[in-house]
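**Student:** Please see the structure below; I have some questions.
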Amino acid sequence: MSTPTADPSTASSPEPPAHVLDVDDLSVETFHAVLADAADYQQSLAAGTPHRDLPEHTLGMLFEKPSTRTRMSFETGMTQLGGHAVFLGPDATHLGHGEPLKDTARALSGYADALAIRTFDHDAIETIAAYADVPVVNALTDDAHPCQALADLLTIQQAFDDDFEDASVAWVGDGNNVAASFAIACAMAGVDCTIATPEGHGLDQDVLDRAAAVGPAPTVTHDFEAAVADVDVIETDVWVSMGEDDDKREAFDGWTVTADVLEAADAKFMHCLPANRGEEVTDAAIESERSLVWQQAENRLHVQKALLVELLS
C-alpha cells in the first residue's frame, strides 16, 4: 500500500498494475530484457548461485485448465526466487459456485503479490485484470499463451548463439493460441516467421495486425511443403486443443512433422508439449538430435522468473 499523504486532495491516483495477458503487452525493449534476464537466471541456476529476488512474495495461481509444465515451472520458479506460490485448482475456489470474477480478483489481490491465471475464455482473464490490484500473468487462455512464446524465443535465441534475428522459423499446424502468441513474439524479436495452416485453421487477422505493429509481419501460407522447405526451425502443436471437436483432425492429413522433414530442411524442431506422437509429430522426430523440445520446456522456468521479477520490481 502507498503511504498516505498529508493532503489527500492533492495525492495522485496509484498507478494501475502492469499485466501480461499476451506477449505484446510488453514493450519490445522489455521483451528483450526479459529474455536476457531469463538467460542470466538459467546460468545462475546451473552454477548453483541463489537468486532470491522475490523474498516473501506470493504468487496466486488460479487454474481452470489442467497443467503440467505451467504449474510446475511457476511454483518452482517462485521457490527459487525466495517466494512461494499458492495453487488454486478448478475445485478449490468459489468460481464454480457463482462468485463473480471481479470479486475473486479483488479478494486475491489482498493476499498475493501477483496472479497467474489459466482459464478458457480470454474475456475472463481480462475481467480479472481489470479488477485486480496486482499484476496478472496469462498462464494460458484459449486466445494466447505469452509465457510459452517467451520460452520459444529464448530457445531459438540460444540455438543460434543469441543471433536469432538471422533465423527463419515455420509454425505448421493449427493456428491456435500458442501459434498466435508465437507469431507476435517472432515479430517482436525480428525473426523471419512463416505460419502454415490448413485452410480454415489460420490465425485471426487481428493477431496478424498486432504482429505487424511490433515487427515484421509473419508470412501466411496453407502449403506445408513450401513452409518447411528451407527454414532453420520448425514448430508445431497438437491439432485438437482442449475442448475442441476431434473431427477437426481430418483437415490436418499430411501435416505431420517427421524426421525426414527435419532432415530435408536441415531444421531444428520445437513443440510446446504435450505432444500426440504419431499425429502432429513422429516419435523419431521429437526424439532426434534436432529436437529442442526439452530445452524449450525448461526455458518456461527461466522466462517466467524473469517476467515475474520484471513485473514486481
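**Student:** In Å, what is the Rg of the alpha-carbon atoms in the chain, and how long is Dmax?
**Tutor:** 19.9, 71
**Student:** To continue, here is another question. Which far-off residues, 5 or more places away or on another chain, put their amide H under 5 Å from the one on Val220, with H placed in the peptide plane?
**Tutor:** HN-HN under 5 Å from Val220: Ile195.
**Student:** Read phi for every residue in segment 47-64 and hand back ³J(HN,Hα) as whole Hz from Karplus 6.51 cos²θ - 1.76 cosθ + 1.60, θ = phi - 60°, with x for Gly and Pro.
**Tutor:** 8, x, 8, x, 9, 8, 8, 10, x, 6, 8, 10, 9, x, 10, 10, 10, 9
**Student:** Would you please put 277-286, 161-170, 177-186 in order of how densely packed they are, using the mean number of other Cβ atoms within 10 angstrom per residue and starting with the highest? Kindly include the intermediate steps, with their values, before the conclusion.
**Tutor:** Details: 277-286: 18.2, 161-170: 16.1, 177-186: 27.3.
Order by mean packing, descending: 177-186, 277-286, 161-170.
**Student:** Same structure, new question: Working out 0.36 nm times the residue gap between Ser168 and Ala226, then minus their Cα-Cα distance, what length gain in nm do you get to one decimal? Please report the intermediate quantities before stating the final value.
**Tutor:** Numbers: separation 58, 0.36 × 58 = 20.88 nm, distance 1.32 nm.
19.6 nm is the gain from fully extending Ser168 to Ala226.
**Student:** Just rank Tyr131, Tyr41, Tyr111, fewest to most, by other beta-carbon atoms within 10 angstrom.
**Tutor:** On the way: Tyr131 17, Tyr41 23, Tyr111 11.
By the 10 Å Cβ count, ascending, the order reads Tyr111, Tyr131, Tyr41.
**Student:** Also, quick follow-up: When Lys and Arg each count +1 and Asp and Glu each count -1, what net charge do the other residues less than 12 Å away from Ala105, Cβ to Cβ, add up to? The partial results should precede the final answer.
**Tutor:** Values: positive: Lys102, Arg106; negative: Glu99, Asp103, Glu126, Asp133.
Charge balance in the 12 Å sphere: -2.
**Student:** While we're looking at this one, here's another question. If the reach is capped at under 23 angstrom between alpha carbons, list the lysines near Lys305, excluding any in the same chain fewer than eight residues apart.
**Tutor:** Once the sequence-local lysines are set aside, what remains near Lys305 is Lys65.
**Student:** Sticking with this structure for a sec: Quick one: order Met270, Met61, Met242 by neighbouring beta-carbon count within 10 Å, fewest to most.
**Tutor:** Details: Met270 28, Met61 24, Met242 10.
By the 10 Å Cβ count, ascending, the order reads Met242, Met61, Met270.
**Student:** Largest first, please: the extent of the C-alpha atoms of segment 87-187 along each principal axis, to the nearest Å.
**Tutor:** 49, 28, 22
**Student:** Once you list every other residue whose beta carbon is under 9 Å from the beta carbon of Met242, what net charge do they have if Lys and Arg are +1 and Asp and Glu are -1?
**Tutor:** -1
**Student:** Same structure again: Among 198-204, 307-313, how do they line up from the highest to the lowest mean number of other beta-carbon atoms within 10 Å?
**Tutor:** Details: 198-204: 14.9, 307-313: 19.3.
Top of the packing list down: 307-313, 198-204.
**Student:** Ala284: net charge of surrounding residues, Cβ under 12 Å, Lys/Arg +1, Asp/Glu -1, itself excluded? Display every interim value, and only then the final one.
**Tutor:** Details: positive: Arg277, Arg290; negative: Asp260, Glu263, Asp283, Glu287, Glu289.
It works out to a net charge of -3.
Rule-based calculations on the coordinates, nothing more; no lab input. None of the values given here were measured: they were computed from a predicted structure. Virtual Cβ from ideal backbone geometry, glycine too; neighbours counted across all protein chains shown.
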